[in-house]
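Bear in mind that the values in this text are calculations on the coordinates, not laboratory data. Quantities reported herein were computed from a predicted structural model and do not represent experimental measurements. Heads up, the Cβs are rebuilt from the backbone with ideal geometry, glycines too, and the neighbour counts pull from every protein chain shown.
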Amino acid sequence: MLRRSVLTGLLAAPICPICASLAQAAEGHISHWTYEGHEGPEHWGELSPEFKTCEVGKQQSPIDIDHSIHAGISEIKINWQSKIPLHIVNNGHTIQINCPPGSTVEHDGAKYILKQFHFHHPSEHLLDHKTFEMECHFVHLAEDGKSLTVLGVFITPGAANPVLGEVFKAMPKTAGEVKTETTIDMSALLPADKSRYFYEGSLTTPPCSEIVDWEVFRTPITASAEQIKTFVDIYPSDARPAQPLNRRMILDN
């Protein structure tokens with residue numbers, strides 16, 4: 001598996017950069033940004049010194065996956081709990097489900113802990129120049145707190161998804177958190193076909209840190225048009241445009 005040289009400086013930092021940025025975002029301490037206007041994606045790098053990577057970074061996400069190299073990428077082991085409580089946050093940018101400890105993925109000899117998953121409309125990644133209706137990101141933090149693995153799953157209109165139905169039914173329409181007695185089986189949010197693409201990239205939101213291994217599944221899952229509309233009514237557009245690939249390689253299995 002390719003490793004990124006840009007991590008060198010971050011690994012030497014006294015505070016885990018991922019933990020710090022996640023904590024700041026959760027507490028609302030990070031500089032304000034939006035998906036449109038003067039605080040939109042094309043201006044993120046100007047809003048704060050902490051966001052400069054959004055402007056000057058060379059391994060930014062999302063991307064258009066329009067070609068890949070068949071390289072037999074390493075197996076990814078998804079070890080998620082069969083049921084998790086539904087703790088939903090409307091964080092002002094998307095709908096996010098916070099996950100309790102116990103769910104992990106393993107790849108390239110390392111273990112990553114599932115912290116949360118959230119949604120974007122339309123999809124942030126493109127596949128052969130095609131945008132999907134939505135995309136779900138499952139964010140996993142390395143045990144040493146120094147990198148992330150994010151699983152990306154496209155969502156397309158079709159049959160209703162019972163798990164998405166539970167999530168969207170309970171999501172708050174304004175900023176805040178909702179905790180329910182409901183539990184969900186997250187495996188229903190993954191496609192049966194686990195073929196995927198791998199590339200090295202970044203967070204798709206400020207501070208756009210280039211510390212993410214992306215695993216994007218090729219096959220989408222479905223949600224009904226009504227389910228999708230429930231999300232879109234709250235967040236009509238919360239997707240960063242595709243970024244230049246530059247000299248990176250996209251691998252597939």
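Quick notes
- For THR182, residues with placed amide H under 5 Å, excluding near neighbours: LEU86
- Taking amide H positions as modeled 1.01 Å from N, with prolines and chain starts lacking one, the residues under 5 Å from SER209 and 5 or more places away or on another chain are LEU203.
- Centroid-to-centroid separation of segment 156-191 and segment 79-127 [C-alpha atoms, Å]: 12 Å
- About its Cα centre, the dipole of the chain is roughly 400 debye, where the only charges are +1 on Lys and Arg Cβ and -1 on Asp and Glu Cβ.
- Neighbourhood net charge (9 Å Cβ-Cβ; Lys/Arg +1, Asp/Glu -1) for ALA239: -2
- Order of GLU226, GLU210 under a 10 Å beta carbon neighbour criterion, fewest first: GLU226, GLU210
- Global form of segment 124-253, assessed from the alpha-carbon gyration tensor, a/c cut-off 1.5: prolate
- Backbone HN-Hα couplings from phi across segment 110-116 [Karplus 6.51/-1.76/1.60, Hz, Gly and Pro as x]: 10, 10, 10, 9, 5, 9, 6
- For segment 201-217, backbone phi angles converted through the Karplus equation (6.51, -1.76, 1.60; θ = phi - 60°) give residue-by-residue couplings of x, 9, 4, 8, 10, x, x, 6, 4, 8, 9, 10, 8, 9, 10, 9, 6 Hz, Gly and Pro being listed as x.
- Scalar couplings 3J(HN,Hα) for segment 152-160, obtained by applying the Karplus form with A = 6.51, B = -1.76, C = 1.60 to θ = phi - 60°, are x, 10, 6, 10, 10, x, x, 5, 4 Hz; x denotes Gly and Pro.
- Matching the structure-derived Cα extents along the principal axes in Å against the labelled list [x] 56, 44, 31; [y] 42, 41, 35; [z] 54, 49, 35 gives the label [y].
- Whole-angstrom gap from segment 133-154 to segment 46-78, using each part's C-alpha centre: 12 Å
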